[in-house]
Amino acid sequence: MSPDPYRQLQAAIAGELRQLRRDLETLAETLVCDPHFAGSYLDQLQAFDLLGQFAEESAGVLERLADGADADAAVAGVRVGVVQARLSAAIASVKAA
């Protein structure tokens, strides 16, 4: 079996998503340092964490695909339920087509 030509791209995108998460965390930490902002926008600041989790889970899927996992196995490792459900639905729609 020949290597998947997209593995390097998948791994690179996973790295970009992980950098996105780190950048979101840095931005959130900066904003939390402002007591007025932090007190006024606590819900929005929590959204940064959620977005970071989504990025991390997506990066994990791409890494597992780059390592040769099939789509179902790659998505099975997702720990955030809503992300796993959306990705599983995407796989199911591709299989149904």
Taking Val32, Val83, Val94, Val75 and counting other beta carbon atoms within 10 angstrom, the fewest-first order is Val94, Val32, Val83, Val75
Which angle from 0 to 90°, rounded to the nearest 10, does the C-alpha axis of helix 42-66 make with the longest principal axis of the chain?
20 degrees
Report the one residue of Ala59, Leu17, Ala90 whose Cα lies farthest in the direction of the positive end of the charge dipole of segment 7-96 (charges on C-beta: Lys and Arg +1, Asp and Glu -1; origin at the Cα centre).
Ala90
Tilt of helix 7-32 relative to the longest C-alpha principal axis of the chain, in degrees (0 to 90, nearest 10)?
10 degrees
How big is the dipole moment of the chain about its Cα centre under a simple scheme where the beta carbon of each Lys and Arg is +1, that of each Asp and Glu is -1, and everything else is neutral? Debye, nearest 20, please.
300 debye
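Compute the semi-axes of the equivalent ellipsoid of the chain, taking the square root of 5 times each eigenvalue of the Cα gyration tensor, and list them largest first in whole Å.
32, 16, 8
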State the Cα centre-to-centre distance between segment 33-49 and segment 73-94 in whole Å.
30 Å
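All of the numbers you see were taken from the coordinates with simple rules; none came from a lab. Note that the coordinates shown come from a computational prediction; the quantities given were computed from them, not determined experimentally. Methodologically, a virtual Cβ is constructed for each residue, glycine included, from the backbone with ideal geometry; neighbour enumeration extends over all protein chains shown.
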